[in-house]
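Taking it in order: structure first as structure tokens, then the write-up.
Only the coordinates and a few stated rules stand behind these numbers; no lab work does. These numbers were taken from a predicted model, which means no experiment stands behind them. Backbone-built Cβ (ideal geometry, glycine too); neighbour counts: all protein chains shown.
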Amino acid sequence: MAAFPTKNKKTTKRSPGGKPSVKHKPNKPSAATCGVCGSQLHGVPRRSTVGMAKLAKTEKRPERPFGGVLCHACVMAIVKEKARLKAGTITPREVDFRHLKYVKA
Ligand SMILES: [Zn+2]
């Protein structure tokens, strides 16, 4: 059994002629999640494809490296690992394997 109702929300409205008509509201897309830890991303609107197209580029995701892909905590860890790898204080084997894809990018 689904945890959330899969059907669209129904509202009854009265037409100008007086007849009631049932309108269906389209479902909202699910919230964007972090690619590493799966937590919900803030600053990314829950809108349809058309709704997203109406927004400016900077309104769609945070303006920082990996904005709209990773959460702030994961970005912080990846930036640290990248700097430490470059300085030679850690080896690639010591980096979290889930971060390797982003550290190399
Ligand atoms: Zn994360």
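Looking only at the range 59-105, how many residues end up being part of a loop (DSSP other than H, G, I, E, B) and either in contact (Cβ under 8 Å) with a residue 24 or more places away in the chain or within 15 Å of the chain's Cα centre (by Cα) (or both)?
Looking only at that region, the number is 14.
Identify all residues within the range 46-75 that are of a type in the set (A, V, I, L, M, F, W, C), on the phi < 0 side of the Ramachandran plot and surrounded by 11 or more Cβ atoms within 10 Å (Cβ to Cβ); write none if there are none.
If the condition is that a residue be of a type in the set (A, V, I, L, M, F, W, C), on the phi < 0 side of the Ramachandran plot and surrounded by 11 or more Cβ atoms within 10 Å (Cβ to Cβ), then 52, 55, 69, 70, 71, 73, 74, 75 are the ones that fit.
Would you point out the residue of the range 30-58, among those that are assigned to a loop (DSSP other than H, G, I, E, B) and charged (D, E, K, R), that is farthest from the chain's Cα centre (by Cα)? Break it down stepwise before answering.
Kept after step one, since they are assigned to a loop (DSSP other than H, G, I, E, B), are these residues of the range 30-58: 30-32, 34-39, 41-48, 54-56.
Those still in the list that are charged (D, E, K, R) too: 46-47, 54.
Values: 46: 8, 47: 11, 54: 17 Å.
This residue is 54.
Does the range 4-21 contain at least one residue that is more than 16 Å from the ligand (Cβ to nearest atom) and surrounded by 13 or more Cβ atoms within 10 Å (Cβ to Cβ)?
Looking for residues that are more than 16 Å from the ligand (Cβ to nearest atom) and surrounded by 13 or more Cβ atoms within 10 Å (Cβ to Cβ), one finds none in the range 4-21, hence no.
Could you please find all residues in the range 63-90 being farther than 19 Å from residue 104 by Cβ and away from the ligand (no atom under 13 Å from the Cβ)?
Going residue by residue through the range 63-90, those that are farther than 19 Å from residue 104 by Cβ are 63, 68, 71-73.
Matches in the range 63-90: 63 only.
When you scan the range 9-29, do you find a residue that is in a loop (DSSP other than H, G, I, E, B), within 16 Å of the chain's Cα centre (by Cα) and over 27 Å from residue 100 (Cβ atoms), even just one?
Among the residues of the range 9-29, at least one is in a loop (DSSP other than H, G, I, E, B), within 16 Å of the chain's Cα centre (by Cα) and over 27 Å from residue 100 (Cβ atoms), which makes the answer yes.
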